[in-house]
Amino acid sequence: MRKHDALVIGASVAGLAAAAILAGAGKRVLVLEQQAAPPEPIGPVYALDPVLLSQLRLSVRGLRFVNRDLPLALPGIVLDRDSYAASRTLGSLGESDAKAWTPFRREVHALARQLRRWWWSALEEGAADWVLERQAARDYFARLSLTGADAFLAAHFQSEALIAALLFDASAGGFHVSEPGSALALVWRAAQEMAGLEGAAAMPVPGTLVWSLIKAAATADFRCCASVTGIATKAGVVTGVRLATGEVIEAPLVLSSLSGGATMALTGAPPLQNRVGEVRLLISLREKIAFPPVRLVLAERPGIYADAHEAARSGRLAAELPMELAAAAPDKITVTLRPVPAMLGKDDHAQLAARAVQALSRQVPGAAALVSGVRFMPSTTGARATLAHLLAPSAVRVKTRFAGLYLCGADAEPLACLSGRAARIAAALALKDPALNSEGSE
Amino acid sequence: MRYDAAIIGAGANGLTAAAVLQRAGLSVLVIERAARPGGRLITDDFHPGFAASLFADRMPAIPVEIMATLELAIPLQIESPPHDICLRRDGALARLFAEARTPHRRTPLARLRRAIMPVLPGTAWPGQDLAARALSDWPDLQAWALLGRATDPDLAGSAMTLLALAGAEPRRGGLGAVGEAFIAAAASAPFRLGLEASEIVVKSGRFGSRASGVLLADGSHVEADAVISTLDLKRSALALFPWAALPPAMTASAAQFRMGGGAARLLLALKRPSGCSAPFLLPGDDAARAAFRRGAVPLQPALLIDPVSARDASLAPAGGAVLTVTMAGIPARLFDGAWTPEKRAQLAAAALRRIEAALPGTLAALAGIRVIAPPDMEAQLGASEGDLDGGQLAADQMLGLRPDARTMLPGFYLGGASTAAAPLGTGAAGYTAALSLLADR
């Protein structure tokens, strides 16, 4: 008799979701969390997986949203989901961009519609060719996969400010915005928007996302303050994990919500070099401020993405960093900055906090005087997404070279996001894993 | 799988029990209905940037045995009593504490009496529950009895808090820092979070019945050889067992056990320093005690006002301050229905008026406020009637006269606030329950 059918590393949103699905299927799951309590994610959730939402009945279990659809914005301009309203506000940037907006939306969404089937049927095996059923679409994607996001956008728009704001989504997952294929990131993001929860980014009421997931995963066991220092493997098969205390916990399945690089490092494989990541911080204010319900991207010109990327690869913070501001509550603002080096020191944190507060007070005058605290969320850095990664079947990204070891974190998505879809796929594959059924589970 | 022990509640007691049993090589499962372990040892932001320990500011000190067994390393500030009542020269009270903590002995009333008599010469004893007011000849003793909890000095039994060990709090981070140390000590035990224990399964065999597991709110069954409940006596005995599963004598004694009445808390975030540096008590009036008995919202209860950020700067941002107000004798159930937002506001407004009179300028500096009423304590901590002491600290409910860790039902142990060891130290009840369980194996 074994004690646990599966171990989940990290009680993050993805870890809790995977634990909830496995526990719901009657498996004995143990969640290992490094902190004293499941940490609360901060900031907007990108396209929370709707299948997960209904499968785990999260809204019945208390998930509430402050805002379910945060449109992208740049200073003075809100890119509303109604493309005609957006193009009207774009008039201030120039007539040609205002005219180009609607065709651009239409084009990206036409491509996204092709990818959407692939998003929904994530569990089906096979490559992407059946997804792109028409030859014309396949050719178009082949061309896109050779195009950088900045070139793709420059073909549509003239305003640098608009291009720079749109590039923010393309820079997720460590993409260099001029890299061939990064244009696909924009399309992937649009597909997420179309298939995800109503809009691109939703802002849950603080605390409710973790609470509803914990209710969903209630039959799973938790170990708090348990830091995993190694994943034990034998002949390419996972046998369990080692904790910092020296204890070994055995299980035939391990689902890791850490990044791919960190997970592989735990198995003893040489660590992957991933040098570019993002950082997210939460600014608490003493008083409520008026912040519009948008994701406000601050990036003045497209060039700063390339500069910041170069700096991040050499381990430095660039002089200018693109950042995204959104309100989690009237007195809480979350700021996402990228690209930054994956490893950040204490001084870097202080500098990033100062920059974020400065940027906030430029948007909302007087906000700097109200700041009462800044909290950092551990940066979600991962293996850099590649084009092959983007179009590979989900199973490829979720599985690792060790049998029984699955990635369920945001990192197993082509673009790092908190959607929970990778957790759903990993849990579904884990449930079919022969290791789970071969030994008697009773 | 079958666990050696299931522990209900992941507060200090539950975590201590889990850690002790784990170290003895038993397999343990901790069941907690909140999303995070820690029980009342939780510090949270109640207003952006302002944090406070939600349910209490101080706790009974952590006994040395627990500090050592769990290898806790928390820098605590412990207020030592004015007279060395915990360790009298003749050793009476110290011996009493030692015995109350040993699992195998029930301390008779005579010992309790012998211990307390030298402290309070000439006081009628027993026969009436001592009120702290009766200590007016020993002002420092009286202050000590009232410190840390907002006990009404006129409330019968309030002097009994003298028998609890010294109050303590961590130097930084509020009680949440202590909670995290306890969680880390019990880290090798699995928790089940977000799931309430709904029933303790009793199996009858050839040698009588014994506890054999816990049913959870979702219908799943945790099998265990023994169950430790860290809930209070009333909840443990009257709500967790199927009808007639317990010996009638145990049910009757649980039904007769008196809860001491609830407390409410106000957490105030101030934009500038509060102007006081030490906690002080505003005594309640007769109308408040009458209101408590009637089940109405008392407008002038005893208030303990504590400038917690003056001792622990990590709780408030620079330039700000956190005041906590603990109100004693607040009924958990009102005669005219539920604790509506209006009644909470009424309670808070009355308290704020009195604080403004005592500390002028508080209202003008107020940035945020949070009200924690007895039903919130009951809902979040599972404390019956919002009583964090787990039962009135009256003479007939103190020390050896409180329930023992071992109960009449084999395999079922009490490790919560109602037990004899509980007032003697944080985690002491869980520690005693774990030792009793180990002794019985």
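FYI, it's all coordinate maths here, none of it is from the lab. Keep in mind that what you see is a predicted model, and the values were worked out from it rather than measured. Don't worry about glycine lacking a Cβ; one is built from the backbone with ideal geometry, like all the others, and counts go over all protein chains shown.
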| What nm value, rounded to one decimal, do you get for the distance between A:Ala244 and B:Arg441 when each label is placed 7 Å out toward the C-beta? | 2.7 nm
| Roughly how many nanometres apart are two label points built 7 Å out from the Cα toward the Cβ at B:Arg206 and A:Lys346? | 6.6 nm
| Of A:Gly24, A:Gly15, A:Gly268, which has the largest mean-square fluctuation in a 10 Å C-alpha GNM of chain A? | A:Gly268
| query | How big is the Kirkwood radius of region A:152-226, worked out from every pair of different alpha carbons and given in Å to one decimal? | reply | 15.6 Å
| Lysine-lysine proximity count for chain A, Cα under 28 Å, sequence distance 8 or more or distinct chains | 17
| Cα Rg, Dmax (largest Cα-Cα span) when computed across chain A, Å | 21.4, 71
| field | Rounded to 10°, Cα long-axis angle of helix A:303-313 versus longest principal axis of chain A | value | 30 degrees
| request: Take every Cα pair under 8 Å in region B:262-381 that's 6+ residues apart, average their separations, divide by the length, and report that relative contact order as a whole percent. | output: 39 percent
| said: Could you tell me the relative contact order of region B:172-219? Use alpha-carbon pairs under 8 Å, at least six residues apart, and round to a whole percent. | reply: 29 percent
| Helix A:346-363: angle to the longest alpha-carbon principal axis of chain A, degrees 0 to 90, nearest 10? | 40 degrees
| When Cβ neighbours within 10 Å are restricted to other protein chains, what is their mean count per residue of peptide B:36-42? | 3
| said: For peptide B:195-203, what's the mean number of Cβ atoms from other chains within 10 Å of each residue's Cβ? | reply: 1
| field | 9 Å beta-carbon shell around A:Ala191, net charge (K/R +1, D/E -1) | value | +2
| task | Any chance you could give the angle, 0 to 90 degrees and rounded to 10, that helix A:160-170 forms with the longest Cα principal axis of chain A? | result | 10 degrees
| request: Sort A:Arg280, B:Arg171 so that the residue with the fewest other Cβ atoms within 10 Å of its own Cβ comes first and the one with the most comes last. | output: B:Arg171, A:Arg280
| Taking the Cβ-Cβ separation of B:Asp336 and A:Arg68 as r and a Förster radius of 25 Å, what is the calculated FRET efficiency to the nearest 0.05? | 0.05
| note | Full extension between B:Ala24 and B:Leu401 adds, at 0.36 nm per residue less the Cα distance, a length in nm of 132.8 nm
| Relative contact order of chain A, pairs being alpha-carbon contacts under 8 Å that are 6 or more residues apart, as % | 25 percent
| remark: Packing-ranked peptide list from B:21-31, A:95-105, A:36-46, highest mean Cβ count within 10 angstrom first, is A:36-46, B:21-31, A:95-105
| message | Quick check: net charge around B:Arg441, other residues with Cβ under 9 Å of its Cβ, Lys/Arg +1 and Asp/Glu -1? | response | -3
| request: Please order A:His349, A:His109 by the number of other Cβ within 10 Å, starting at the fewest. | output: A:His349, A:His109
| query | Modelled label-to-label distance, A:Asn437 and A:Phe376, 7 Å Cα→beta-carbon offset: nm? | reply | 4.6 nm
| said: Within 14 Å, Cβ to Cβ, of A:His349, how many net charges do the neighbouring residues add up to if Lys/Arg are +1 and Asp/Glu are -1? | reply: +1
| said: What number results when the radius of gyration of region B:262-381, computed over Cα atoms, is divided by 2.2 N^0.38 Å? | reply: 1.05
| query | Going by average Cβ neighbours within 10 Å, how do the peptides B:212-218, A:211-217, B:267-273, B:251-257 rank, with the highest at the top? | reply | A:211-217, B:267-273, B:212-218, B:251-257
| said: At a 10 Å Cβ-Cβ cut-off, how would you order B:Tyr3, B:Tyr431, A:Tyr140, fewest neighbours first? | reply: A:Tyr140, B:Tyr3, B:Tyr431
| task | Step through the residues of region A:232-243 one at a time and calculate ³J(HN,Hα) from phi using the Karplus curve (6.51 cos²θ - 1.76 cosθ + 1.60, θ = phi - 60°), rounding each to whole Hz and writing x for Gly and Pro. | result | 7, 10, 9, 6, x, 10, 6, 10, x, 10, 10, 9
| query | Which of the peptides A:241-252, A:66-77 is most tightly packed, and how do the rest follow, judged by the mean count of other Cβ atoms within 10 Å per residue? | reply | A:66-77, A:241-252
